[in-house]
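Some notes on the structure that comes next.
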Amino acid sequence: MSGPVSQQQQRVVRIAARALARGGLVTAFGHCSVRVAPGEFLVCAARPMGLIEAGEPGTVVPVDRPLPEGVLGEVRIHQQIYARRPDVQAVCRFMSPQVMALAAMGLAPSARHGFSSYFYPSAPMWSDPRLVRNDLAAAGVAQVMGSAPAVVLSVNGAVTAADSIEKAVALAWFLEDAARVELAVRNAGGAAVRIFRDAQVAAERATWSGRIAERIWDFLSAGDPEISTSNLVQP
């Protein structure tokens, strides 16, 4: 194990958890984490994310060893993503309503508007409807995800991963909005329409400049009991 986790790292995980809840992306289920060392990450407390209290500690989890006692089984997904992707510094596991409604038709959101361009051409999908509570399934999810920013877990929500917790939270919000637009487009009979026909155009739209992640973070964390005067919380 590495040295002790800082209070700032604990705090940012709590704020992220409550931000996901405030955005309607989680209810009683979900978890988020930040990498705290090459082989370790800090995951939020194992209870409804919106109920995590100020000062309530998360748990340090090793990337390559069994989950500590009391850590939720699907945190194995975090382990497998961190093990495969050194670029990833934060992971969010959430169960948002529009993503799950779309997945009930066997579909994942396509790139149809600005926020969904981050998942061009579409978010990959793990098709097994069972919960991911063993190492083999978690490894399968990470393999399906590959280098993508998100993966849809059949009818069980989704996972996002990024190089900061702000981006991972923003991507969760973007994916839910992508699912909302996907459902609306299909309902209007526009499933065949393609807005982003070129990967380069989609990549140019999927920018993080202009404080994109920070603005989503500010929006979702507004009113949090542990927010400082800083606009950007650094893990």
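Every number in this text was worked out from the coordinates using simple rules, so none of it is lab data. Because the structure is predicted, anything quoted here is derived from the model rather than measured. Positions of Cβ are backbone-derived with ideal geometry, glycine not excepted, and every protein chain shown enters the neighbour counts.
If R0 is 35 Å, the Cβ-Cβ spacing of GLN7 and VAL193 corresponds to a FRET efficiency of close to 0.10. Fewest-first ordering of HIS31, HIS113 by other beta carbons within 10 Å of each residue's beta carbon gives HIS113, HIS31.
Each peptide in 151-161, 51-61, 114-124 gets a packing score, the mean of other Cβ atoms within 10 Å over its residues, and the list from highest to lowest is 151-161, 114-124, 51-61. Pairwise inverse Cα distances across segment 7-218, averaged and inverted, put the Kirkwood hydrodynamic radius at 17.0 Å. Charged side chains reduced to their Cβ positions (Lys and Arg at +1, Asp and Glu at -1) give the chain a dipole of some 400 debye around its Cα centre.
Protection proxy ranking, highest mean first, for peptides 173-179, 196-202: 173-179, 196-202, where packing is the per-residue count of other beta-carbon atoms within 10 Å, averaged. Summary of the geometry: segment 121-155 and segment 23-80, compared by the centres of their Cα atoms, lie 18 Å apart. Taking Cβ atoms as reference points and 14 Å as the exclusive limit, the residues near SER209 contribute a net charge of +1, counting Lys and Arg as +1 and Asp and Glu as -1. Restricting the calculation to alpha carbons of segment 66-105 gives Rg and Dmax of 13.1, 36 angstrom. The residue among ALA188, VAL36, SER116 whose Cα reaches farthest toward the positive pole of the charge dipole of segment 7-218, with charges on the beta-carbon of Lys, Arg, Asp and Glu, is ALA188. For the chain, relative contact order (Cα pairs under 8 Å, six or more residues apart, normalised by length) works out to 22 percent.
Derived value for segment 93-220: Kirkwood hydrodynamic radius 14.8 Å. Basis is the mean of 1/r over every pair of different alpha-carbon atoms.
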